[in-house]
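What follows is one structure encoded as structure tokens, with my remarks underneath.
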Amino acid sequence: MICKKVVELLPRFIENDFSEEEYNDILKHLKTCKRCKKEYESMKALIDKLETIPLINVPPSFKDAVMKNIKKGKNGR
Ligand SMILES: [Zn+2]
């Protein structure tokens, strides 16, 4: 498997969205290719971080402000 392909598939790899065969192919590549392993690790760290941000916990005032701006924008024209 080539590096470009592996990097493209990494987000799905991290989400475990693969057949066992594909998964093993990528895993094998990551074990032998330092560059892709690094790419994988930084991508995984980023995704882990994103998942820990509580998107639901956006303050209601923020939501209100966004909604007001949307309405303002519509009425202002
Ligand atoms: Zn590689």
> Under the Karplus relation 6.51 cos²θ - 1.76 cosθ + 1.60, θ = phi - 60°, what is the ordered set of whole-Hz ³J(HN,Hα) values for the range 5-18, x standing for Gly and Pro?
Replying inline: 5, 4, 4, 4, 8, 4, x, 6, 4, 5, 7, 6, 8, 8
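To the nearest 0.05, what FRET efficiency results for Lys4 and Thr52 with a Förster distance of 35 Å applied to their C-beta separation?
On the way: r = 29 Å, r/R0 = 0.84.
Rounded to the nearest 0.05, the efficiency is 0.75.
Readers should treat all values here as calculations from the given coordinates under stated rules, not as data from a laboratory. None of the values given here were measured: they were computed from a predicted structure. As a convention, Cβ positions derive from the backbone with ideal geometry for all residues, glycine included, and neighbour counts pool all protein chains shown.
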